[in-house]
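Read through the structure below, which is laid out as structure tokens, and then see the notes.
The values are calculated or read from the model by the stated rules, or taken from the named source; none is laboratory data. All values derive from a computational prediction rather than experimental measurement. Methodologically, a virtual Cβ is constructed for each residue, glycine included, from the backbone with ideal geometry; neighbour enumeration extends over all protein chains shown.
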Amino acid sequence: MGSTILTIASQIQCPHGGQATLTTANAKAKAGTAMLLETDVHVVAGCSFMVGNVPSPCLKIQWSAGAVKVKAGGTAVLTTSSVGTCSGASPQGVASVASAPAQAKAT
């Protein structure tokens, strides 16, 4: 059936509640909003992760496992099945999709 394509209208957060700012290098809009690409890196703000008493927030999300069949400009688009690795000084968990407006699906 396929997974929902992630766009700049989606809401994504780190495992500690930090919110990602979604921007994309994809200049083409599909269904009124730009699809996110596997090569996009998203900034995270508001992460509360601590190591002991030292703040160690997630700062960015890097992606893998984009759509196999759907590409934009030769780059795989992101779907709800894609894996976003949240990191600060080191990897700190996997991003979660809080919402993804169901505009299109991809495999």
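A few comments on the model shown:
- Among (1) within 18 Å of Ser82 (Cβ to Cβ); (2) over 10 Å from the mean Cα position of the chain (by Cα); (3) surrounded by fewer than 20 Cβ atoms within 10 Å (Cβ to Cβ); (4) not small (Gly, Ala, Ser) - the single one Met35 does not satisfy: (3)
- For segment 34-90, residues that are in contact with a Cys (Cβ under 6 Å, 6 or more places away or on another chain) and among the β-branched types (Val, Ile, Thr) total 2.
- Every listed requirement among (1) at pLDDT 95 or above; (2) surrounded by fewer than 14 Cβ atoms within 10 Å (Cβ to Cβ); (3) of a type in the set (Gly, Ala, Ser) is met by Gly93 save one, (2).
- Residue within segment 55-74 that is touching an Asp or Glu at 6+ places or on another chain (Cβ under 6 Å) and among the aliphatic types (A, V, I, L, M) present: no
- Selected residue (only one of Thr39, Thr80 is closer than 17 Å to Ser10 by Cβ and at pLDDT below 95): Thr80
- Across segment 47-74, the number of residues qualifying as surrounded by 13 or more Cβ atoms within 10 Å (Cβ to Cβ) and either without any contact (Cβ under 8 Å) to a residue 40 or more places away in the chain or in contact with a helix residue (DSSP H, G or I) (Cβ under 6 Å, 6 or more places away or on another chain) (or both) comes to 8.
- Close contacts from segment 21-33, counting a first residue that is within 27 Å of Cys58 (Cβ to Cβ) and at pLDDT 85 or above and a second that is surrounded by 12 or more Cβ atoms within 10 Å (Cβ to Cβ) and acidic (Asp, Glu), with Cβ to Cβ under 9 Å and a gap of 6+ residues or different chains, come to Leu22/Asp40; Thr23/Asp40; Thr24/Asp40; Ala25/Asp40; Asn26/Asp40.
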